[in-house]
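Worksheet: the structure to be examined is printed underneath.
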Amino acid sequence: MQHLAVIFATVFLAELGAKTQIATLLFASDRQANPMLVFVAASLALVASTALAVALGSMAERYLTMIPLKPIAGAGFVIIGLLTIWGHYAGK
C-alpha cells in the first residue's frame, strides 16, 4: 500500500501545474464546455497516456535494468533547472 501511495503522490505532484493541467483548466473555463465532459475527457487522456507509459516501461524493463536510470533522470532535471535559471539571468 505504501508503494501505491508513493506512486500516487509522485504523479499527482508532477502533474500540478503541468501543461496538460493548464490546458484542462482552459478547456473547463470555456462557457460552452460541460465541466463533466472536460473532466471525463481529461481523465481518459491521462489514463491512456499512463497505460502507454506502463506498457512501454514494462517492455523496456528487461533492457534497462543495467542502466542507472534514477541518477540519470535526476541529473537531467538538475541540468534543466540550471539552464532555466541561467536563461532567466541571461535575459532570455
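Rule-based calculations on the coordinates, nothing more; no lab input. What you see is a predicted model; the values in this text were computed from it and never measured. Every residue, glycine among them, receives a Cβ derived from its backbone with ideal geometry; neighbour counts consider all protein chains shown.
The fewest-to-most ranking of Glu61, Glu15 by surrounding Cβ atoms within 10 Å reads Glu61, Glu15. For segment 64-76, the Karplus equation 6.51 cos²θ - 1.76 cosθ + 1.60, evaluated at θ = phi - 60°, returns couplings of 9, 5, 8, 9, x, 5, 4, x, 5, 5, x, 5, x Hz by residue, with Gly and Pro reported as x. Derived scalar couplings between HN and Hα for segment 13-24 equal 5, 5, 7, 4, x, 6, 4, 5, 6, 5, 4, 4 Hz in order, rounded to whole Hz, by the Karplus curve 6.51 cos²θ - 1.76 cosθ + 1.60 (θ = phi - 60°), x for Gly and Pro.
Convex hull volume per residue, computed on the Cα atoms of segment 41-92, equals 108 Å³.
With Cα atoms as the point set, the radius of gyration and Dmax of the chain evaluate to 17.6, 51 Å.
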